[in-house]
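Working notes for the structure below.
Every read-out reported here was derived from the displayed coordinates using simple, explicitly stated rules and does not represent laboratory data. Every value quoted in this text rests on a predicted model; they were computed, and no experiment measured them. Cβ sites come from the backbone with ideal geometry, for glycine too, and all protein chains shown count toward neighbours.
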Amino acid sequence: MTAQGGSRYSFGVGAVSIVLLLHACSESKREFDEQEAAGGEAGDGSSGSSGSSGTAAGGGTGGSSGATGGTSANGGSTSGGTSGAEAGAGGEPEPEPCGGLVCLHGGECMGEGASASCDCAGTGYEGVTCDENIDECEDTPCANATECADTPGSYSCDCSSAPNYTGKDCELLRFEVLPETFIPSDISPDGAVVVGASNNGIAYKYVGGEAIYLGLLIGDGASVANGASADGKVIVGASRTDFNVVDSTAVRWDGFDIIPLRAAEGFTQCTATGVSADGRVIGGTCTRDVYEVVRWVDGLFEPLGIAEGVESCSDVVVSNDGTTLAGRCSIYPSNRGFVWTQATGFKLLPTLSTGSNCTLSDVSADGTAAVGDCISGIAGGGSGYLWTAAGGTKALLKQEVVRNGSGVAISGNGLRVLGADSGTALWHDPQVASTSLRDLLPPGAPGLAELYLGIPIAMSADGKTIVGQGSLQDNTKRHYIARIDE
């Protein structure tokens, strides 16, 4: 570039001084960079390099180790940089500086200064800096004689040698026939807790192979559990004066504590039928001349009413995020499915050509999809259907339908539908033929061969744990849990 007002070689003494000064700065910077790359000199107290963020492969060369970092003589850090293999490893938490240590693999720094130490609890590692992998297989966590493989910070069990079992520890039966006295109504989103009632009308939950009594309000004679939060810690339902529902109070169970859900004056016969994953939003119905949709948010009652032009609404389900309620509204002599959100209010869904007696029986985690069925008459043929906020309603491709057996449940991501097509079935696409649940289970599973898997009831959020009703050859009803790996 030519200097303005002279030749390109014309510059005076001042310019020479500037050039010399820039040269000196450059030399100082190079010396500083060399010291920093070496982790800092002992005398200047500078800290070591933190290491590169890692290459695309998750490694990188990193900076120097804490041992070569600056000393504390002049306030320098003793930790220096960690190696790129630790700091840049994909999915690993950033190491936490801890006095003269660096806590690895998510270890938590406890204390300060010379008394600091790394708490390795829950990391799967041990040692001063949580750098030593624990062999979790030493405790033989895998059940049913299955093989354990230790992995960094964890372990895995190979269930192939015990095909009738699944789960992290191969501890869960792939197919489990429930006690004769237990009638399920729903399953928690994580698939661990099934809720319902005994055959004499008292609320129970089924966990870990055991039916557990939930109870009822003092003075009542019956109760039912209708829904559960993500981990099953909050269960909702109703306590009733007797089995015939003469009077009903909506309740929630927190553990074994039963808590009435209060309603505003004038509302009676309340029942809680669905709950959000975090347990904060509970949906249900109360009567005020007719059945109306209500909800409780953090225990506060909120009446939502009914859709315009209908006579009543009921059978309320709640999305996992608590934003959406769905169910059915009655317009004699038919029913229509509805979806409710705070922003849009009630939306009635159209009926299908297969029938006008329609309902929505489950909704996806974010409320953007729901499933139900439309039948002809009280128990005639019809079709299940899938509703999405983006695409409207689509009938499920199927051969036959039974009431409460078509489009009965939907996975949390809205991609798997549970229904009935000559037995319990799964759809991954409403317009593609379904897959029989029986075909997804090991043929040698105890109790499977004797039971017709006729009516599905509920499904976990991941679509892998299914509750249903079957029947034996003598038409005796038995309920079951099926766990699939696909």
Taking 0.36 nm per intervening residue step and subtracting the Cα-Cα distance, what contour gain separates Thr241 from Ile331 on full extension?
29.5 nm
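Calculate, for Glu180 and Glu132, the FRET efficiency according to 1/(1 + (r/R0)^6) with r their C-beta to C-beta distance and R0 41 Å; round to the nearest 0.05. Show your work: numbers first, answer last.
Values: r = 51 Å, r/R0 = 1.24.
Taking R0 as 41 Å, the efficiency between Glu180 and Glu132 is 0.20.
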Going through the stretch 286-342, which GluC sites (Glu not before Pro) have at most 15 other Cβ atoms within 10 Å and a DSSP loop state?
Glu308, Glu311
So what's the gap between the Cα centers of the stretch 119-142 and the stretch 409-486, to the nearest angstrom?
38 Å
Assuming 0.36 nm per residue, please report the length gained on full extension of the stretch Glu311 to Asp462 beyond their Cα-Cα distance.
50.8 nm
Quick one: what are the phi-derived ³J(HN,Hα) couplings along the stretch 344-358, Karplus 6.51/-1.76/1.60 with θ = phi - 60°, whole Hz, x for glycine and proline?
10, x, 7, 10, 7, 8, x, 7, 9, 5, 7, x, 10, 8, 10
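Find, among the GluC sites (Glu not before Pro) in the stretch 153-232, those assigned to loop by DSSP (not H, G, I, E, B) with at most 12 other beta-carbon atoms within 10 angstrom. Walk me through the numbers before you get to the answer.
Working: sites: Glu171, Glu176, Glu180, Glu210; in loops: Glu171, Glu180.
Listed in order of number, the matching sites are Glu180.
Rounded, prolate or oblate, given the Cα gyration tensor of the stretch 177-483, with a/c below 1.5 counting as rounded? Please report the intermediate quantities before stating the final value.
Working: a/c = 1.58, a/b = 1.11, b/c = 1.42.
Cα axes put the stretch 177-483 in the oblate bin.
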From the Cα gyration tensor of the stretch 270-337, with a ≥ b ≥ c the square roots of its eigenvalues, which class applies: rounded if a/c is under 1.5, or else prolate if a/b is larger than b/c, or else oblate?
prolate
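Set the Förster distance to 51 Å, then compute FRET efficiency between Lys168 and Ser422 from the Cβ-Cβ distance, nearest 0.05.
For R0 = 51 Å, the calculated efficiency reads 0.95.
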Virtual spin-label span in nm between Glu302 and Ala149, 7 Å along Cα→Cβ:
4.8 nm
Starting at the first residue of the stretch 224-234, write each ³J(HN,Hα) from the Karplus equation 6.51 cos²θ - 1.76 cosθ + 1.60 with θ = phi - 60°, in whole Hz, x for Gly and Pro.
8, 9, 10, x, 9, 6, 4, 9, x, 6, 10
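When only DSSP loop residues count, what trypsin sites (Lys or Arg not before Pro) in the stretch 199-289 have their Cβ near at most 10 other Cβ atoms within 10 Å? Please list the in-between numbers first.
Numbers: sites: Lys205, Lys233, Arg240, Arg252, Arg262, Arg280, Arg288; in loops: Lys233, Arg262, Arg280.
Taking the stretch 199-289 and a limit of 10 other Cβ atoms within 10 Å, no loop trypsin sites (Lys or Arg not before Pro) are found.
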Cut-off 15 Å between beta-carbons: net charge of the residues surrounding Thr268, Lys and Arg +1, Asp and Glu -1:
-2
Centroid-to-centroid separation of the stretch 155-229 and the stretch 305-380 [C-alpha atoms, Å]:
27 Å
